[in-house]
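Working notes, beginning with the structure itself.
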Amino acid sequence: MNRVKAAELLERYGLLMLLAAVIVFFTVDPKTPQFHQINNIRNILGGESVLGIIAIATVIPLVAGHFDLSIGPAAGASSLVTAGLMSKSGWSLGPAVVAAIMTCVLIGMVNGFLVARLSINSIIATLGMSSLISAFVQWYSQGQTISTGISQSLLNIGSALWLGIPRTFFFLVAVALVAWYVLEHTPSGRNLYAVGESPRAAELVGIPVRRYTFASFVAAGVFAGIGGVLMVAVNGGANPLIGPDLMLPAIAAVFLGATAIKPGRYNVAGTFAAVYFLAVSVNGLTLLGADTWVSDLFNGAALLIAVSIAVWSGKRRLSRPVPPAAIDAPIHAAEDAGSEMSANGSETVVQAAQRRNP
């Protein structure tokens, strides 16, 4: 039993242990004396805030069982709208930020309509949307970085500190807490997980699958918009090339995060840890003199390893013997589970159905 518990703890917190080990290694390594300096720590915490928000935005549609490959490009569009409206049109900060976020909300609504209502594969729909966003970005910016006429208040967010920590890190923490609370501690979050686990079972207990699918893309758009605004603050302007480049690192962090905290489930806490595990590792290797391609190497390796672990875990679960009762269980068990789910908030509809028919 102790071995089983130890294995479960290792599976849950292995990524956090790796993060701690990497931090200790680069801290004590005499070849990286800059690693533990305060400026480098601030650079890691603040520099990953935009990527972290985009990664969290990516989690939400994945929880519902869908990919959204347009989140990075949408964040890039948000940054350009924010900077462009202030620089080219003389808008003040507040209206420009609202317009940028609403731009991403509109993108999320279109994605949600295509996937939830027209039943288009989410990868195809959001890949096509990414291309449309790229065309818009190039037209709007003419391929040029926008760095003039931006509100100083926004720029201060990207450069100033709170309690000695970059302000942008607090924005990431706020977004993470909101997403974590909604997904883990509200009926909407549990229903969203139920939709992702089994849309058919979710429908049987009365969960409006299409509505939740649509809402997941809209929520991702909101977070992408916030990430785009923060991107302007961090970079001091809007670069039309940055947004799409963040998509692969975000996906890598999400899949790596799904192997920790709540293994087998896309979760915000695991994603948060994965973002900083990758960032700390790349930062330390860079200080050791590694080339710039090490970032792509780590992101690609993390994605492949995480997916491999997920496939291996899935095969291991399938290889376990299934009791005959579970095979012959009637489908109306899912209907009975719906009422139980409301009484036991820690269970999804699928888990409740499985508990009733072990």
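A few notes on this one:
- Debye intensity ratio I(q)/I(0), log10, region 1-60, q values 0.16 Å⁻¹ (C-alpha model): -0.76
- Sorted by Cβ density within 10 Å, fewest first, the residues Met231, Met247: Met247, Met231
- In region 1-57, trypsin sites (Lys or Arg not before Pro) in a DSSP loop with at most 13 other beta-carbon atoms within 10 Å: Lys31
- Computed lengthening from Val182 to Ser147, 0.36 nm per intervening residue step minus Cα-Cα distance: 9.0 nm
- Over the chain, dividing the summed -39,500 (n - 2.57) contributions of all DSSP H runs of at least 4 residues by the number of residues returns a 222 nm mean residue ellipticity of -24000 deg cm²/dmol.
- In region 10-320, a dipole from Cβ-located charges (positive for Lys and Arg, negative for Asp and Glu) runs towards its positive end, and of Val307, Val50, Gly72 it is Val307 whose Cα lies farthest in that direction.
- Here Ile56, Ile23 are placed in order of increasing Cβ neighbour count within 10 Å, fewest first, which gives Ile23, Ile56.
- Taking the Kirkwood radius as Rh and the Cα radius of gyration as Rg, the chain has a ratio of Rg/Rh equal to 1.00.
- Cut-off 18 Å, label 7 Å out along Cα→Cβ of Ala160, residues of region 97-123 by amide N: 97
- Residues Asp68, Asp29 arranged by fewest to most Cβ contacts within 10 Å: Asp29, Asp68
- Simple rule: put +1 on each Lys or Arg Cβ and -1 on each Asp or Glu Cβ in region 10-320, find the dipole, and look at Ala202, Gly264, Leu288; the Cα lying farthest toward the positive end is Ala202.
- Its relative contact order, with pairs defined as Cα atoms under 8 Å and 6+ residues apart, puts region 10-320 at 33 percent.
- Extension reserve of the Ala301-Ser119 stretch, reckoned as 0.36 nm per residue once the Cα distance is removed: 62.3 nm
- The calculated pair-distance distribution of region 111-220 uses every alpha carbon pair, bins of 10 angstrom beginning at 0, and gives 12, 26, 28, 24, 10, 1 percent.
- Charge-dipole axis of region 10-320 as Lys and Arg at +1 and Asp and Glu at -1 on Cβ define it, positive-most pick from Leu183, Pro33, Ser141: Leu183
- If you run the Gaussian network model on the chain, springs between alpha carbon atoms under 10 Å, then out of Leu177, Leu246, Leu278 the most flexible one is Leu177.
A short reminder: the numbers here are calculations on the coordinates, not readings from a lab. Everything quoted here is computed from the prediction, not taken from an experiment. With ideal geometry, Cβ positions are generated from the backbone for all residues, glycine too; neighbour counts draw on all protein chains shown.
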